[in-house]
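Every number in this text was worked out from the coordinates using simple rules, so none of it is lab data. Treat the numbers as computed from the prediction; the structure is a model and nothing was measured. Note: ideal-geometry Cβ built from the backbone for every residue, glycine included; neighbour counts use all protein chains shown.
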């Protein structure tokens, strides 16, 4: 059995497609979901469309923080795992989980206290 990792040791194009294809499909499906949402909400009028547009903006801003955390965590873990610093990998995962938990709690508390105001805004 060959132990060569085909993502890093094989053809570059194949590795890039293998890694990027799920992301591309996910983004395409997300776009289709938004179009379908707007199709059905569009029947309710301009105010409903504006509300969906505002909520999408809020979701994208929150998703940017999450993607940033995931990207940074992946980069740090890759670096330390490649350097055989396995203790640091565990510490990085712990810190990423703490940051994610703190972010989730902050969003939850904000939603708990301001959900009515946020819905009125939308």
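Odds and ends about this structure:
- Here the contact order of the range 45-122, divided by its residue count and restricted to Cα pairs under 8 Å and six or more residues apart, works out to 39 percent.
- FRET efficiency for residue 37 and residue 102, using Cβ-Cβ distance with R0 set to 35 Å, rounded to 0.05: 0.70
- Projection of the Cα convex hull of the range 22-103, averaged over all directions and equal to a quarter of that hull's surface, yields 6.8 nm².
- The stretch between residue 83 and residue 20 holds 20.2 nm of extra length on full extension. This uses 0.36 nm per residue minus the Cα-Cα distance.
- Inter-centroid distance (Cα atoms) of the range 69-105 relative to the range 12-61, Å: 28 Å
- Taking 0.36 nm per residue of separation and subtracting the current Cα-Cα distance, fully stretching the chain between residue 27 and residue 69 would add 13.3 nm.
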